[in-house]
Amino acid sequence: MTVRRTVIGVMAAAMLLMNSGCARSPVVTFYTMSALAPESAAATADPRGIAVGPVTVPDLVDRPQLVTRISVNKVNILESHRWAEPLKSEIPRLLAENLARLMRPARVSTYDQSASRNAEYRVVVDILRFESVPGEGVTIEALWSVRRGAGGMVEKGHSIAQELADGTGYEALVAAHGRALATISKVMARGLATSMSQP
């Protein structure tokens, strides 16, 4: 009888531990950035092909989790707040969407799409900073270059975009990153327009 009570007690304790573990499992929230609104775009008259990428990102943020800066020497890696797709694929996709709206009717694709094989221009991007400060805002710093076919680089730029967060949550930081990328996209569009005007 004592053995049976002990077994029942152990089983009950195990069930309690399992239930309490399940109760503490965090809910993971996934985030994605938004492209420029269609009405923000101005049309051009050049239908040539543009490929965006490759795009590099700092190792610090090259992970599924959102990373926020707490101080100069401290960051927080948020296990329960994650990007819906890797930044290495989301950033070029978003830049391509923005440039497609800013440069229409130009044909814009990312470097890993089949349409990029025949692109006459390629935009290569190195993201130097991709910082998020909760309750404040974001900073994106990028080096970019426009290359024409096999002829090499024809335009290059260094862009820094800072956006305030419209709220205190992580979604507000993600939205601010989308706006910062839109700002950088507009600078790139001007560089592309300059490149396309050259003989």
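Values quoted throughout were computed directly from the atomic coordinates according to the rules given, and no laboratory measurement underlies them. Bear in mind that the values here come from a model prediction, so they are computed numbers and not experimental data. With ideal geometry, Cβ positions are generated from the backbone for all residues, glycine too; neighbour counts draw on all protein chains shown.
In segment 68-199, taking the dipole from charged Cβ atoms about the Cα centre, the farthest positive-side position among H158, N73, V146 is held by V146.
Cβ neighbours within 10 Å, averaged per peptide: list 89-95, 154-160 in order, most packed at the top.
Values: 89-95: 21.6, 154-160: 15.6.
Put in order of decreasing packing, that is 89-95, 154-160.
Rounded to the nearest 20, the size of the Cβ-charge dipole of segment 39-197 about its Cα centre is 560 debye, with Lys and Arg at +1 and Asp and Glu at -1. Within the same chain, lysines fewer than 8 places from K186 are excluded, and of the rest, those with a Cα less than 26 Å from its Cα are K88, K156.
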